[in-house]
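This report concerns only the one structure given below.
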Amino acid sequence: MNARQGGPLGLQGTQEIVIGVQDIETVRENWQKFFAPLVPERPDVWQVGDGPAIHLVTAERDGLLRLVWKVASLERAKVFLQKKKLLGEADEQEVRVNVAGMMGLDIGLVE
């Protein structure tokens, strides 16, 4: 990504992966066994080194719900998404990609 300055969005990396689970108690235990001896930094959130945080949330179905990507500039990302008609909700902390254009996957961009 560095050679292209993160492409048109200015991507710098993945900050968080949010996984929906139906049985959070059982799944939490399994993830904790997997990450041991690492302990969650927040309830149901494991930060593994400098990689993305893994965040479990209760959901109606098991699966990937949300990705949070770090970008160099929220303004730059917002302008690009507007041009492509993919801009969702936006505030000072986060810009979201319009989920209709991403087949329902929630993608947030943060600085």
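The values are calculated or read from the model by the stated rules, or taken from the named source; none is laboratory data. These numbers come from a predicted model, not from an experiment. Neighbour counts run over all protein chains shown; Cβ positions are idealised from the backbone, glycine included.
Some notes on this structure:
- Criterion applied to A53, A90 was being modelled with pLDDT of 95 or more and among the small types (G, A, S), and the one residue passing it is A53.
- Identity of the residue in the range 7-59, in contact with a Lys or Arg (Cβ under 9 Å, 6 or more places away or on another chain) and assigned to a helix (DSSP H, G or I), that ends up surrounded by the fewest Cβ atoms within 10 Å (Cβ to Cβ): P8
- Scanning the range 62-74 for residues that are farther than 18 Å from R4 by Cα, surrounded by 13 or more Cβ atoms within 10 Å (Cβ to Cβ) and of a type outside the set (A, V, I, L, M, F, W, C) gives a single hit, R66.
- Restricting attention to the range 48-78, the residues being free of Cβ contacts under 8 Å to residues at least 40 places away in the same chain and among the acidic types (D, E) number 2.
- Positions within the range 34-93 being of a type in the set (K, R) and more than 16 Å from the chain's Cα centre (by Cα), in sequence order: R61, R76, K78, K83, K84, K85
- Hits in the range 80-98 - residues which are surrounded by 14 or more Cβ atoms within 10 Å (Cβ to Cβ) and either in contact with a Ser or Thr (Cβ under 7 Å, 6 or more places away or on another chain) or not in a strand (DSSP E or B) (or both): F80, L81, L86, E94, N98
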